[in-house]
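Chemist: Dropping a structure here in structure tokens format, bear with me for questions.
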Amino acid sequence: MNTRSESDLDNHTVTKAYARWAPVYDLVFGAVFERGRHAAIAAAERVGGRILEVGVGTGISLPHYTKDCRLCGIDISAPMLRKAEERVAEFGLSNVEGLWVMDAEHLSFPDNAFDVVVAQYVITTVPNPEATLDEFARVLKPGGEIVLLSRVGAEAGLRRSLEHWFQPAARKLGWRTEFSFERYTRWATHTAGMRLIERRAMPPFGHFCLIRFGKDGGAVRADDAEPIRAAG
Ligand SMILES: C[S@@+](CC[C@H](N)C(=O)[O-])C[C@H]1O[C@@H](n2cnc3c(N)ncnc32)[C@H](O)[C@@H]1O
């Protein structure tokens, strides 16, 4: 399913953008996304086990996981990942198995390798979001979860117009402003074995969402029967 357009992102633009962001990223995006990150980590820890953080960036989330979780991190930006390596050393994070420069759309992990795949503020920065989600589903074990934090674009109105207008500038900064939630539901509907478990509005301004997808199979967990929470 390819829904790319001229103003969409490419990996060259994104790596250039995050090389510029790396020195100041935590200062600019640390506090503003803190609540979302804590919610995503809590969701991931409910599953536990071996967790892949895609687009781990400066590793800002890594110290907040319990030491019981085994963590792997990948990012396309070497300067962002260097910050993550410094953080792992600084906090003595012995539960981090490794950090690798890798493209989210082409993960060099075997099938069914992780209990959880977490991607915080990443899907709207990759050139092919649906192909990237396919890759997450591939490396996820049956019974595992994909946990996303994502910007969700407005469907209509002034915000929709502003997002459309701002998109060319946002592209140079390394992300999309336009991204409908329908892309996520469509992906789950068309992907065998994957289902949407939860959508929860997140700050700032409720323009972001925590999204959970489950992969069929594996042991049944107590919350498996939970209905979709569609807030925002
Ligand atoms: C907005 S930052 C989010 C960083 C971190 N997850 C956080 O919570 O702050 C997006 C990250 O995704 C990475 N990224 C973008 N495209 C990627 C790709 N195709 N593969 C892997 N990482 C990518 C960027 O380099 C950047 O570190």
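Chemist: Working from the alpha-carbon coordinates of the stretch 27-71, get Rg over Rh, Rh being the Kirkwood radius. Don't skip to the end; give the middle numbers.
Modeler: Numbers: Rg = 10.5 Å, Rh = 11.0 Å.
We get a ratio of 0.95 for the stretch 27-71.
Chemist: Still on this structure: Could you check the spin-label model distance between Asp134 and Glu90? Points 7 Å from the Cα along Cα→Cβ, value in nm.
Modeler: Label-label distance for Asp134 and Glu90, simple model: 3.9 nm.
Chemist: Just to be sure I understand: with springs between alpha-carbon atoms less than 10 Å apart, which residue in Arg151, Arg186, Arg82 has the highest mean-square fluctuation in the Gaussian network model of the chain?
Modeler: Most flexible of the set in this elastic network: Arg186.
Chemist: Next up: Report the gain in length on full extension from Ala201 to Ala78: 0.36 nm times residue separation, minus Cα-Cα distance, nm rounded to one decimal.
Modeler: Working: separation 123, 0.36 × 123 = 44.28 nm, distance 3.09 nm.
Full extension of this stretch gives 41.2 nm more.
Chemist: Using the alpha carbon gyration tensor of the stretch 121-220, what are the three equivalent-ellipsoid semi-axes (square root of 5 times each eigenvalue), largest first, in whole Å?
Modeler: On the way: eigenvalues 143, 39, 25 Å².
One finds semi-axes of 27, 14, 11 Å for the stretch 121-220.
Chemist: Amide H of Phe208 versus every other amide H placed in the peptide plane: which residues, excluding those fewer than 5 positions away on the same chain, fall under 5 Å?
Modeler: Val152, Met202
Chemist: Let me ask another. Provide Rg and Dmax in Å for the stretch 141-196, with only Cα atoms included in the calculation.
Modeler: That works out to 14.3, 41 Å for Rg and Dmax.
Chemist: Also: Could you work out Rg/(2.2 N^0.38 Å) for the stretch 55-151, with Rg from alpha carbons only? Before the final figure, lay out the partial values.
Modeler: On the way: Rg = 12.8 Å, N = 97, 2.2 N^0.38 = 12.5 Å.
Relative to the rule-of-thumb radius for its length, the stretch 55-151 sits at 1.02.
Chemist: Please get the size of the charge dipole for the stretch 33-105, origin at its Cα centre, with Cβ charges of +1 on Lys and Arg and -1 on Asp and Glu, quoted in debye to the nearest 20. Mind dumping the intermediate values first?
Modeler: Numbers: 9 positive and 11 negative charges, 47 e Å.
That gives a dipole near 220 debye.
Chemist: Right, next: Straight-line reach from Lys172: which aspartates and glutamates fall under 16 Å, measuring Cα to Cα and dropping same-chain residues less than 8 apart?
Modeler: Output for Lys172: Glu6, Asp8, Asp10, Glu163.
Chemist: Sticking with this one: Can you tell me the FRET efficiency between Val101 and Ser161 if r is taken as the Cβ-Cβ distance and R0 is 30 Å, rounded to the nearest 0.05? Write down the numbers at each step before the final one.
Modeler: On the way: r = 37 Å, r/R0 = 1.24.
The formula returns an efficiency of 0.20 here.
Chemist: Now for a different question. Over all directions, average the projected area of the Cα convex hull of the stretch 1-102 and note it in nm².
Modeler: Numbers: hull surface 30.6 nm².
Quarter of the Cα hull surface area: 7.7 nm².
Chemist: What Kirkwood Rh does the stretch 45-98 have if only Cα atoms enter the pairwise 1/r average? Answer in Å.
Modeler: On the way: mean 1/r = 0.0911 Å⁻¹.
After inverting the mean inverse Cα-Cα distance, the result is 11.0 Å.
Chemist: Straight-line reach from Lys215: which lysines fall under 23 Å, measuring Cα to Cα and dropping same-chain residues less than 8 apart?
Modeler: Lys141
Chemist: If you don't mind, another one. Alpha carbon centre of the stretch 3-63 versus the stretch 98-112: separation in Å?
Modeler: Rounded to whole Å, the Cα centres lie 15 Å apart.
Chemist: Taking 0.36 nm per residue of separation and subtracting the Cα-Cα distance, what length does fully extending His190 through Lys67 add?
Modeler: 40.7 nm
Chemist: Moving on. Give me the log10 of I(q) over I(0) for the chain at q = 0.08, 0.11, 0.18 Å⁻¹, as the Debye formula computes it from C-alpha points; what are the numbers?
Modeler: Listed by q, the Debye log ratios stand at -0.26, -0.52, -1.54.
Each value in this text was obtained by applying a stated rule to the coordinates, not by laboratory testing. Everything quoted here is computed from the prediction, not taken from an experiment. Glycine gets a Cβ as well: all are built from the backbone with ideal geometry, and neighbour counts include every protein chain shown.
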